[in-house]
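Worksheet for the structure shown next.
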Amino acid sequence: MSPFQIVLLVVLGGMVAFIVQAVVRGRLGRPAGAIWLIVLGVGIIASIDPNSTTALARRLGISRGTDLILYVLVLAVLQGFLIFYLRLRRVRRELTILVRRLAILEAPSNRPSDAPAPDAATGRSEA
């Protein structure tokens, strides 16, 4: 085993300990923790036996294990970007609704007392 493999195994082992601790303390959900542990487990196996990635790649029709790892990482990054984009979109939508409601609540009341109050979510009068 090369010195790099030893360092890599120590780092991956530390990450496993960190993930387990985060799940136990409730800072990370169990499904996310399980996914991280699977990914780290695959990384540990690939570190111990680098030829295993080549064997798996050849079974999938890819010539090198390095290419397989690259393809999987590209897919993971694209999925991460998609999840981040969808969450950011949801937060922006919620912020827009919140700002509209706050503006309506803080707006001076210049309407006659018999006029219907605007709906806080849409800002439109019900009449």
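No lab work stands behind these numbers, since they all come straight from the coordinates. Computed from a predicted structure; not experimentally measured. Because the Cβ atoms are built from the backbone with ideal geometry, glycine has one as well, and the counts that use them run over all protein chains shown.
Below, the figures for the structure above:
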read-out: Within the stretch 56-69, tally of residues that are assigned to a helix (DSSP H, G or I) and more than 24 Å from G13 (Cβ to Cβ); value: 4
read-out: Cβ pairs under 9 Å, 6+ apart, first in the stretch 36-48 and under 17 Å from V77 (Cα atoms), second among the small types (G, A, S) and part of a helix (DSSP H, G or I); value: W36/A22; V39/A76; L40/G13
read-out: Among residues of the stretch 29-49, those that are under 23 Å from F4 (Cβ atoms) and not in a helix (DSSP H, G or I), counted; value: 1
read-out: Count of residues meeting criterion [touching a helix residue (DSSP H, G or I) at 6+ places or on another chain (Cβ under 8 Å), surrounded by 11 or more Cβ atoms within 10 Å (Cβ to Cβ) and free of Cβ contacts under 8 Å to residues at least 12 places away in the same chain] in the stretch 1-31; value: 4
read-out: From the options L60, L78, L56, L95, residue that is within 24 Å of the chain's Cα centre (by Cα) and closer than 30 Å to V42 by Cα; value: L78
read-out: Test result for L88, assigned to a helix (DSSP H, G or I), surrounded by 14 or more Cβ atoms within 10 Å (Cβ to Cβ) and not basic (K, R); value: no
